[in-house]
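These notes concern the structure reproduced below.
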Amino acid sequence: MSGILLLEQSLNSLQFGLMLFLLAAGLTLVFGIMDMINLAHGSLYMIGAYLMATFAEATGSFWVALPLALVATAVVGAVLEISLLRTLYERDHLTQVLATFAVILIANEVVRLIWGNQSLMLNAPAGLQGPVALPGGMQYASYRLAIIAVGASVALLLYLLVTKTKVGMLVRAGASNREMAIAMGVNIRRLFTVVFALGAALCALAGAMLGPILAVQVGMGENILILAFVVIVIGGIGSIRGAFVGALLVGFVDTMGRALIPISFAKMFSPQVASNLGPSLSSILIYVLMAAVLFFRPKGLFPARG
Amino acid sequence: MRLALLLLALIFPWAMHALGQDFYISFAARILIYAMAAASLNLVLGYGGMVSFGHAAFFGAGAYMVGILAAEGITSLWISWPIAIAVAALAALVVGAISLRTRGVYFIMITLAFAQMMYYVFVSLKAYGGDDGLSMPGRSTTGFGVSLSNDFVWYYLVLGLLAAVLYLLHRLIHSRFGRVIEAIRENEIRATAIGYPIYRYQLVCFVISGAIAGLAGALIANQTSYAGPSLLHWVQSGTLMIMVILGGVGRFWGGPVGAAVLLILEEVFSGTPILGAYSLHWQLPVGLILLAVVLWAPRGIAGAFAQKHS
């Protein structure tokens, strides 16, 4: 096993984990504070990526388009919350599943009607398109480094927001005991809308940053949604810190599994067996991780509710 | 009402044949199969209060068993279908034994995790098609000269099996066992205090449900002569769940009604020539209708009907 491969895969893991965190942070807050299962979270990620591709095309600049896409997706999220999701908070989880599943269907078709069936192209910003040399003689895509930088700084900002500001205090109060927060006079309706819009903006950021690496297409939100749910369950529902640790764990296990299992299998078994088993075994790993975490810590690593 | 539906189900193939619309006989058989799968999920989800987000695992396992046995040369339904049911039940036993130690959202996620694991296991079985799935040469053989490839025979066989399963479920739900299962859903602590071994009851319920899903899986593999990993994918689990919620959670007819309504909606909006190019966008009207059901029929379609009659 070469050190360079290991380093490269660690950076990939970090990048994937941080992007997962952006998705999981919003999901865990909505779930934890509002006690709401929102399957449509992945749709906001898709809408964010589409808006980003459109704005980037129109303005010609990645960095001008990014804030526009974030704000626009936050507005979409707020409208969704006020018009529909608000009526679902009092309903049981199964009803929420059905309603937000319906939202997924509607969002997919509306996106298809507006942007067509073809997947969109989104280019990495100028200046970040080539590889960059890292100490140790390794070449690594500069854009992926930028993703890591953006993801890490947003995680830090979010941490400061939740632990040091008044809004953050209200969010934590809502997550640990909603009834008590209401009784203490928190305007929970407005808080919900703000949290939901913030979660939507984080989704858009993940969609926008991943756009140049993955294809911007209908259905992109559904698969990553399940991973985001795995993350928040591992971390403990409602906990930002849990989402962060869970996202990095899932990022590392998934990326490392994909990179290392086929290689180590090739040494033990015939190449054919290795190429057959490798990819699926690494996909299974994160679910094994989740089952193991739930077995030993049934409420996740960092339970938010005391 | 029920009599009329039964009559409709019985004469349906002849009516369609008379109208020259033989395609709809096979479509109706598909509805009946999904009705069975949804009814099996409704047993654990609606009556048992166990929200299984991995039910496609048992459905898909049943389908794969029929496919794999056919690939190995065993096509007799007398062998392959019981094996499909047994394997699905065994899978449900293992998944249930571990998952039932958790509650609430964590139960949802751990059943999902197991289903996804099985999904990737079947994807990795390159000898049995891997990603592409497994095509079978034809439907299972009966051994006494009746061919299931005849759509009439197939339809009535599926209808008969669905009727048998629904009868069994009806008896089960109204038995002492069914009452205990519902009591556990309503209040676990109280059921424990009365002295019921709730874990064992829930596990048995989960296994029965898995076995029925396995039979439905064996049927769907026969229906299309194909077993693929998409049958185990979490989207399939989600679809089964949507069917149950749409029809009515914990309503006896919830599963079948939901399956029929969802599949018919899909068919109407995706296959009607009048809609022309817009039929590509069938998900939009289906999504809007689902939303309408959530907002105005909170207890599902079967629940809304029951309310009107009482």
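Values in this text are rule-based calculations from the coordinates and carry no lab data. None of the values given here were measured: they were computed from a predicted structure. All Cβ positions, even for glycine, are placed from backbone atoms using ideal geometry, and neighbour counts span all protein chains on display.
When Rg and the Kirkwood Rh are both derived from Cα coordinates, the Rg/Rh ratio for the range B:150-205 amounts to 1.26.
Taking all C-alpha pairs of chain B, those more than 31 Å from each other amount to 30 percent. Maximal additional length on extending the B:Leu172-B:Leu265 stretch stands at 30.4 nm, based on 0.36 nm per residue less the C-alpha distance.
For the protein assembly as shown, go through all pairs of different Cα atoms, get the mean of 1/r, take its inverse, and jot down that Kirkwood value in Å.
Working: mean 1/r = 0.0389 Å⁻¹.
Here the Kirkwood hydrodynamic radius works out to 25.7 Å.
Full extension of the chain between A:Ser61 and A:Ala152 gives 30.5 nm of extra length, using 0.36 nm per residue less the Cα-Cα distance.
Counted as membrane-span-like here are DSSP H helices of chain A whose alpha-carbon atoms extend 30 Å or more along the helix's own axis and whose Kyte-Doolittle mean is -1.0 or above; these are A:3-34, A:62-83, A:93-115, A:142-164, A:188-210, A:240-268, A:271-296.
Taken over the range A:99-148, the alpha-carbon convex hull comes to 126 cubic angstrom per residue.
Based on the Cβ-Cβ distance of B:Arg200 and A:Ser270, what FRET efficiency does E = 1/(1 + (r/R0)^6) give at R0 = 41 Å, to the nearest 0.05?
Values: r = 45 Å, r/R0 = 1.09.
Efficiency computed from Cβ-Cβ geometry: 0.40.
Between the alpha-carbon centers of the range B:21-60 and the range A:68-104, tell me the distance in whole angstrom. Each part reduced to its Cα centre gives a spacing of 28 Å. Each principal axis of the range B:89-239 carries a Cα extent, and these read 54, 35, 24 Å when sorted largest first.
Quick one: longest stretch of chain B between exposed loop trypsin sites (Lys or Arg not before Pro), exposed meaning at most 15 other C-beta atoms within 10 Å and loop per DSSP?
Working: sites that count: B:Arg101, B:Arg103.
In chain B, the maximal stretch lacking such sites is B:104-310.
Pick from B:Gly228, B:Gly214, B:Gly60: which residue has the top mean-square fluctuation in a GNM of chain B where Cα pairs under 10 Å get a spring? Its mean-square fluctuation being the largest, the pick is B:Gly228. Suppose we look only past 19 Å in the calculated P(r) of the range B:102-149. What percent of the Cα-Cα pairs does that tail hold? Of all Cα-Cα pairs in the range B:102-149, 56 percent lie more than 19 Å apart. Diffusion coefficient (Stokes-Einstein, Kirkwood radius over C-alpha pairs, 25 °C, 0.890 mPa s) for the range A:44-157: 146 µm²/s, rounded to a whole number.
Given the C-alpha atoms of chain A, compute the convex hull and give its volume per residue in Å³.
150
Counting every C-alpha pair in the range A:165-258, the share spaced more than 22 angstrom apart comes to 41%.
Go through the range A:79-165 and name the GluC sites (Glu not before Pro) that are in a DSSP coil and have 10 or fewer other Cβ atoms within 10 Å of their Cβ. Walk me through the numbers before you get to the answer.
On the way: sites: A:Glu81, A:Glu90, A:Glu109; in loops: A:Glu90.
Qualifying residues, ordered by number: A:Glu90.
For chain B, hydrophobic long helices are taken as DSSP H runs at least 27 Å long by C-alpha position along their axis with mean Kyte-Doolittle hydropathy of 0.5 or more; these are B:23-42, B:77-99, B:104-124, B:151-173, B:198-224. Annotation: extensible slack from A:Leu7 through A:Arg86 equals 23.9 nm (criterion: 0.36 nm per residue apart, minus Cα-Cα distance).
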